[in-house]
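Enquirer: First the structure, then my questions, so here it is.
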Amino acid sequence: MYYGDTLLVNLDTGTTEQFSFDEVGVFGPGLAAGIGLYEKYGDADPLVIGSGLLTGTTAPASCLGFVVGKSPLTGEVAVSPLGLYAGAEVKLSGFAMIVIRGTSDKPVYLWLHDGVADIQDASALWGRDNWETTDAIRQEMGEGLIQVISAGPACEEGSRLASFSIDYWGSGDTAGLGAAMGARKLKAVALRGLGMLDPEDPEAYYEATMEMLAGSPAEPGFGRLSKGLGAGDVDGWLKPMVHRYRSCFACPAACNTFVKYNEPASVLAPDGVDEPGVMVTSAAAALWLMGGGWEAEPACRAMEAMARAGIDQVRGARELAEKPLKDPAGVAAAVSALTGSAAAGWPSSDRVGSGLFGPWVPPLGSPDEWMEAHRLGYLLGICPTYLLTSGIDRGALLGLCGPASGVELDTGRIAEMLP
Amino acid sequence: MRVKVKPMDCTGCALCELACGFHWDEAFSLISASIMQYRAEEKKDYLGIIVKTEEDLFLGRPEGAEAVKLGELQKGGGGGGASAKPILIREACDMCESVGKDPQCVAICPHDALYVE
Ligand code: SF4
Ligand code: SF4
Ligand code: SF4
């Protein structure tokens with residue numbers, strides 16, 4: 001269930017080309033096709049952006065897209081997730097997958113909309129933080145629903161803490177692919193898609209997803225996740241500031257927690273302050289700071305500062321947690337002083353990810369189960385955290401591939417596609 | 001009988017839009033549904049749900065819900081983004097009668113933020 005071509009962007013020449021997308025048949029769907037494309041253009045060390053077979057549909061938690069590239073931290077190929085609405089917007093953008101190679105001689109951003117690809121000048125955006133960049137691109141295009149994957153100042157500088165951001169809220173890019181964007185002078189990839197996805201057997205697909213959704217857990221907040229980890233009550237810690245829980249695209253759960261601290265959390269009308277707070281998207285960052293004895297409000301302000309700057313919130317929070325904050329006014333200084341000394345990971349676990357995948361997804365289940373959730377999730381476009389916390393029937397999920405697009409997948413084929 | 005909204009129970013998952021769009025087109029997109037999220041003020045976490053009927057728009061705004069007659073709205077209004085197909089030119093809600101099903105947006109909402117009254 002893809003539509004549109006493969007887009008090949010050459011930042012050296014400032015040109016784009018399109019090819020028919022036939023990698024699913026050759027390599028498999030989702031990340032298998034993404035890695036296939038990465039290897040095809042491997043000499044140019046590209047960044048590949050894509051989404052899963054079911055991304056953008058009524059399949060539970062079908063929000064997932066990805067960026068594949070060489071991690072500046074390890075020199076190895078790595079995958080970073082595109083959650084929230086970004087993965088679905090990739091799927092609907094009119095391009096099945098996007099391969100970006102070369103280095104621009106001036107800052108640019110890529111504007112992908114309804115099958116049209118424009119390379120835009122980003123000189124005025126260089127040096128600006130992710131909040132300013134998202135606002136500026138949306139303003140320039142006159143469209144408030146554009147999804148912006150951006151490289152904040154830490155990414156431009158090639159910091160070891162660099163992490164691309166999705167809109168205002170940071171991301172699970174623990175591999176430093178934001179710095180790989182910055183090194184190419186690629187300030188952002190902006191996406192807006194009004195495309196349509198046609199399942200091969202629409203009614204069978206829809207009815208099967210409705211059945212799955214009816215049995216899918218939908219508790220808001222980080223509760224299921226922190227209970228599964230045996231970690232502290234991060235929801236209770238954030239509670240006094242919680243305005244609302246937010247889902248990624250098509251996810252019945254809603255881990256993302258919007259907190260307000262620049263106005264009361266109870267303010268509902270839109271006429272209050274312009275920037276009332278932050279959406280907490282990283283349970284790991286919140287858990288590190290809570291465990292480090294931080295009060296929730298300065299901790300959320302620190303997460304905002306990291307999201308603005310393009311800093312990996314998990315490693316940043318882990319480093320911040322080592323030094324309890326004495327003066328709440330010192331948040332900005334503490335974030336500016338980060339050195340990148342802490343490793344990525346989750347409290348009370350020494351798992352740091354595996355192979356292609358960083359530790360964005362909590363270390364639930366055995367290492368094999370964790371890996372299987374990644375393989376399935378990145379091929380189909382389903383959030384691996386949801387797979388691990390929902391107990392969703394994976395056989396039923398695999399059964400969606402036929403009505404989606406006639407692709408038959410089983411665990412054996414999945415392991416071949418993503419060893 | 002119409003679809004109504006408890007906006008602060010909505011988490012912004014878009015499943016209602018997908019379900020409604022599917023009942024019109026047998027495909028997934030965000031442009032044909034009679035129900036849509038208003039999510040243009042992301043930094044403020046301001047999120048509402050709009051349902052179009054033959055006569056009016058039901059605006060489920062966090063600060064209060066109301067039905068507004070179509071004639072009282074400016075043309076092209078109720079958008080939520082310039083490239084979103086404006087709600088006024090979408091199909092009006094038919095309570096899913098055209099496909100002989102219960103209201104699919106209500107059935108799919110994981111947070112019971114939609115109901116029929
Ligand atoms: S489980 Fe959480 S992170 Fe995963 S898709 Fe759902 S809301 Fe997003
Ligand atoms: S009842 Fe049916 S037609 Fe009306 S908004 Fe819901 S899904 Fe759409
Ligand atoms: S399905 Fe429910 S929670 Fe999701 S966007 Fe619609 S009203 Fe909101």
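The values are calculated or read from the model by the stated rules, or taken from the named source; none is laboratory data. The shown structure was predicted, so the numbers you read here are calculated from the model rather than taken from an experiment. Here the Cβ positions follow ideal geometry from the backbone for every residue, glycine too, while neighbour counts run over all protein chains shown. Heads up: the accessible areas ignore ligands, DNA and RNA and are worked out on the full protein's heavy atoms, side chains in. Shrake-Rupley method; radii C 1.70, N 1.55, O 1.52, S 1.80 Å.
Enquirer: Please report the spacing between the Cα centers of region A:361-419 and region A:22-39 in Å, no decimals.
Expert: 16 Å
Enquirer: Still on this structure, I have one more. What figure in square angstrom, to the nearest 10, would you give for the accessible area of residue A:19 with a 1.4 Å probe?
Expert: Near enough 90 Å² of accessible area.
Enquirer: To continue, here is another question. Please calculate the 1.4 Å probe accessible area of residue B:98, with all protein chains present, and give it to the nearest 10 Å².
Expert: 80 Å²
Enquirer: Further question on the same structure: Between beta-carbons, use under 14 Å as the cut-off and find the net charge around residue A:124, counting Lys and Arg +1, Asp and Glu -1. Don't skip to the answer; put the middle values down first.
Expert: Details: positive: A:106, A:128, A:185, A:187; negative: A:121, A:129, A:132, A:135, A:140, A:156.
Within the 14 Å Cβ shell, the charges total -2.
Enquirer: Among the listed pairs A:239/B:43; A:260/A:326; A:185/B:44; A:70/A:323; B:44/B:101, give every one whose C-alpha distance is greater than 27 Å. If you can, show how the numbers build up before the last one.
Expert: Working: A:239/B:43 19 Å; A:260/A:326 22 Å; A:185/B:44 30 Å; A:70/A:323 32 Å; B:44/B:101 36 Å.
Long pairs (Cα-Cα over 27 Å): A:185/B:44; A:70/A:323; B:44/B:101.
Enquirer: Something else now. Let me check against my output: what whole-number percent is the relative contact order of chain A, with C-alpha pairs under 8 Å and at least 6 apart? Before the final figure, lay out the partial values.
Expert: On the way: 982 pairs, mean separation 77.5, N = 419.
After rounding, I find 18 percent.
Enquirer: I need the calculated FRET efficiency for the pair residue A:366 and residue A:341, taking r as the beta carbon distance and R₀ as 25 Å, to the nearest 0.05. List each step's numbers first, then the result.
Expert: Working: r = 30 Å, r/R0 = 1.20.
Once rounded, the FRET efficiency stands at 0.25.
Enquirer: Can you tell me, using C-alpha contacts under 8 Å and at least 6 residues apart, the relative contact order of region A:223-336 as a whole percent? Working shown, then result.
Expert: Working: 150 pairs, mean separation 22.4, N = 114.
So the answer I get is 20 percent.
Enquirer: Show which lysines lie in cross-link reach of residue B:4 when reach means a straight Cα distance below 16 angstrom and same-chain residues fewer than eight apart are skipped.
Expert: Within reach: B:52, B:69.
Enquirer: Springs between alpha-carbon pairs under 10 angstrom, Gaussian network model over chain B: which of B:89, B:35, B:50 fluctuates most?
Expert: Comparing B:89, B:35, B:50 in a Gaussian network model of chain B, the most mobile one is B:89.
Enquirer: Test of understanding: in a Gaussian network model of chain A with alpha carbons linked when under 10 Å, which of A:365, A:221, A:178 would top the mean-square fluctuation ranking?
Expert: Of the options given, A:365 has the highest mean-square fluctuation.
Enquirer: Summing -39500 (n - 2.57) over the DSSP H runs of n ≥ 4 in the protein assembly as shown and dividing by its residue number, what mean residue ellipticity at 222 nm do you reach, to the nearest 500 deg cm²/dmol?
Expert: On the way: 20 runs with 162 residues, N = 536.
Taking each H run of at least 4 residues, the total per residue is -8000 deg cm²/dmol.
Enquirer: Nearest 100 Å² is fine: what is the total accessible surface buried where chains B and A meet, probe 1.4 Å? It would help to have the intermediate numbers written out before the result.
Expert: Values: alone 6880 and 16050 Å², together 18850 Å².
The buried area between B and A, both sides summed, comes to about 4100 Å².
Enquirer: A further question on this structure: Ignoring any ligand, DNA or RNA, what whole percent of the accessible area of region A:102-221 comes from carbon and sulfur when the probe is 1.4 angstrom? It would help to have the intermediate numbers written out before the result.
Expert: Numbers: 1790 of 3880 Å².
Exposed carbon and sulfur together represent 46 percent of the surface.
Enquirer: Here's a follow-up. Whole Å is fine, so just give me how far the alpha carbon centre of region A:246-260 lies from that of region A:206-239.
Expert: Going from one Cα centre to the other spans 10 Å.
Enquirer: Tell me the GluC sites (Glu not before Pro) within region A:310-369 that lie in a loop according to DSSP and have at most 15 other beta-carbon atoms within 10 Å. Please list the in-between numbers first.
Expert: Working: sites: A:319, A:322, A:369; in loops: A:322.
Listed in order of number, the matching sites are A:322.
Enquirer: What FRET efficiency comes out for the pair residue A:262/residue B:54, r = Cβ-Cβ distance, R0 = 56 Å, nearest 0.05?
Expert: After rounding, the FRET efficiency stands at 0.85.
Enquirer: Under 17 Å from a point placed 7 Å out from the Cα of residue A:410 along the Cα-to-Cβ direction: which residues of region A:185-208 have their backbone N that close?
Expert: Flagged as within label range: none.
Enquirer: While we're looking at this one, here's another question. How do A:35, A:119 rank by accessible surface area computed with a 1.4 Å probe, from largest to smallest? Write out the running numbers ahead of the final one.
Expert: Working: A:35 30, A:119 55 Å².
From most exposed to least exposed: A:119, A:35.
Enquirer: Also, quick follow-up: Run the lone-cysteine check on chain B: no other Cys C-beta under 4.7 Å from the residue's C-beta.
Expert: B:10, B:13, B:20, B:93, B:96, B:109
Enquirer: Can I ask one more? Tell me, what is the percent relative contact order of region B:3-116, built from C-alpha pairs under 8 Å that lie six or more residues apart? Before the final figure, lay out the partial values.
Expert: Details: 214 pairs, mean separation 35.4, N = 114.
So the answer I get is 31 percent.
Enquirer: Counting Lys and Arg as +1 and Asp and Glu as -1, what is the net charge of the other residues whose Cβ lies under 11 Å from the Cβ of residue A:103? Spell out each step's value before the answer.
Expert: On the way: positive: A:101, A:106, A:184, A:185; negative: A:12, A:45, A:105.
Counting the neighbours of residue A:103, the net charge comes to +1.
Enquirer: In a GNM of chain A with a 10 Å cut-off on Cα contacts, which of A:154, A:329, A:309 has the highest mean-square fluctuation?
Expert: Sorting by GNM fluctuation, first place goes to A:329.
Enquirer: Given a Förster distance of 51 angstrom, what is the FRET efficiency for residue A:348 paired with residue A:183, based on the Cβ-Cβ distance and rounded to 0.05? Don't jump to the answer; show the numbers that get you there.
Expert: Working: r = 35 Å, r/R0 = 0.68.
E between residue A:348 and residue A:183, to the nearest 0.05, is 0.90.
Enquirer: What accessible area per residue comes out for region B:3-116, rounded to a whole number of Å², with a 1.4 Å probe? Don't jump to the answer; show the numbers that get you there.
Expert: On the way: 4400 Å² over 114 residues.
It amounts to 39 Å² per residue over region B:3-116.
Enquirer: Keeping all protein chains in place and using 1.4 angstrom, which order do B:53, A:134 fall into by accessible surface area, from largest down?
Expert: Details: B:53 20, A:134 0 Å².
The most accessible residue leads, giving B:53, A:134.
Enquirer: Still on this model: Excluding same-chain residues fewer than 8 positions from residue B:6, which aspartates and glutamates have a Cα within less than 15 Å of its Cα?
Expert: By straight Cα distance, residue B:6 reaches B:63, B:66, B:112, B:117.
Enquirer: Which value, in Å² rounded to 10, gives the accessible area of residue A:378 with a 1.4 Å probe and all protein chains present?
Expert: Roll a 1.4 Å probe over it and residue A:378 shows about 10 Å².
Enquirer: Report for the protein assembly as shown the percent antiparallel among DSSP-assigned beta bridges with both residues inside it, nearest 5.
Expert: Numbers: 59 of 73 bridges.
Taking every DSSP beta bridge with both residues in the protein assembly as shown, the antiparallel ones total about 80 percent.
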